[in-house]
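A.B. asks: Questions regarding the structure given below will be posed in turn.
The values are calculated or read from the model by the stated rules, or taken from the named source; none is laboratory data. Just so it is clear, the model here is predicted, and its values are computed rather than measured. FYI the Cβ positions are ideal-geometry reconstructions off the backbone, even for glycines, and counts take in every protein chain you see.
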Amino acid sequence: MKLCIKCNLLKSIDLFQKKSNSYDGLQCWCRSCMREYKINWSKNNPEKIKMYSKKAYKNNAAKIKIGKAKWYRKHIKEQKARVLKWQKNHPGKVNAANVAYQAAKLKRTPVWADKKSIQEFYILASKNNMHVDHIIPLRGKLVSGLHILENLQLLPSTDNHQKSNHYTLK
């Protein structure tokens, strides 16, 4: 038995978290008092929570991306069903996004582009169950590529989703 100095109740030692640098190896507050404190602190310090989250993500970005990709592969059917449901419930937004993408692609297709070869590339992708990816994205933040054969590559869907709309300079 141990006394919680927060609520002043005598509680079983299994209701206290471990703390290696304390004299008995346990926290001085019980788990329920600690949980209540953490909830209140989080509510009162949203900016610090945001800052800590950004810092943690920045320090572990690669690990987090791998974990997200693993989770996505494990839950791919549920994800596809969720996306289809959202698309069914928001047809206007889906149409607007499709039109914007097509307009961007048209803007980025020069008159000298070999449209027949591009079309054949898309056919090849669908036959091999692959995605067509623009090596340099059409709507990138730092740089925008052209919709030409030389800027296209075949990728598995997971790799294409992971790459998203990014381009890293080599």
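A.B. asks: Closer than 28 Å to ASN160 by Cβ, of a type in the set (Val, Ile, Thr) and exposed (fewer than 12 other Cβ atoms within 10 Å of the Cβ): is that true of VAL83 in this structure?
C.D. replies: yes
A.B. asks: Right, another one. Could you please find all residues in the range 126-167 being of a type in the set (Lys, Arg) and over 23 Å from VAL111 (Cβ atoms)?
C.D. replies: Result: LYS127, LYS141, LYS163.
A.B. asks: Let me ask something additional. Please name all residue pairs, on different chains or six or more residues apart, with Cβ atoms under 9 Å, provided the first residue is in the range 1-25 and is in the same structural domain as GLU36 (by TED's automatic domain parsing) and under 15 Å from ARG35 (Cβ atoms) and the second residue is among the charged types (D, E, K, R) and surrounded by fewer than 12 Cβ atoms within 10 Å (Cβ to Cβ).
C.D. replies: Cβ pairs passing all conditions: PHE16/ASP24.
A.B. asks: Only residues that are in a loop (DSSP other than H, G, I, E, B) and among the aliphatic types (A, V, I, L, M): list them for the range 104-142, please.
C.D. replies: Of everything in the range 104-142, those that are in a loop (DSSP other than H, G, I, E, B) and among the aliphatic types (A, V, I, L, M) turn out to be VAL111, ALA113, MET130, ILE135, ILE136, LEU138, LEU142.
A.B. asks: Still on this structure, please answer the following. Across the range 12-43, which residue is nearest to the chain's Cα centre (by Cα) among those that are assigned to a loop (DSSP other than H, G, I, E, B) and loosely packed, with under 10 Cβ neighbours inside 10 Å?
C.D. replies: SER20
A.B. asks: Is there a residue in the range 4-11 that is polar (S, T, N, Q) and either part of a helix (DSSP H, G or I) or surrounded by 10 or more Cβ atoms within 10 Å (Cβ to Cβ) (or both)?
C.D. replies: no
A.B. asks: Still on this structure: What are the residue pairs meeting all of these: first residue in the range 142-170, first residue within 28 Å of ARG73 (Cβ to Cβ) and in the same structural domain as GLN119 (by TED's automatic domain parsing), second residue at pLDDT below 85 and in a helix (DSSP H, G or I), Cβ atoms under 8 Å, and 6 or more apart or on different chains?
C.D. replies: So the pair list comes out as LEU155/LYS163.
A.B. asks: Taking the condition assigned to a helix (DSSP H, G or I), in contact (Cβ under 8 Å) with a residue 24 or more places away in the chain, in contact with a helix residue (DSSP H, G or I) (Cβ under 9 Å, 6 or more places away or on another chain) and not β-branched (Val, Ile, Thr), does ALA56 pass?
C.D. replies: In short, no.
A.B. asks: Ok, one more. Which one is farthest from the chain's Cα centre (by Cα), of the residues in the range 123-148 that are surrounded by 15 or more Cβ atoms within 10 Å (Cβ to Cβ) and over 26 Å from LYS68 (Cα atoms)?
C.D. replies: ILE148
A.B. asks: List the residue pairs whose Cβ atoms are under 9 Å apart, where the first residue sits in the range 63-76 and is loosely packed, with under 12 Cβ neighbours inside 10 Å, the second is among the β-branched types (Val, Ile, Thr), and the two are 6 or more positions apart or on different chains.
C.D. replies: ARG73/THR158
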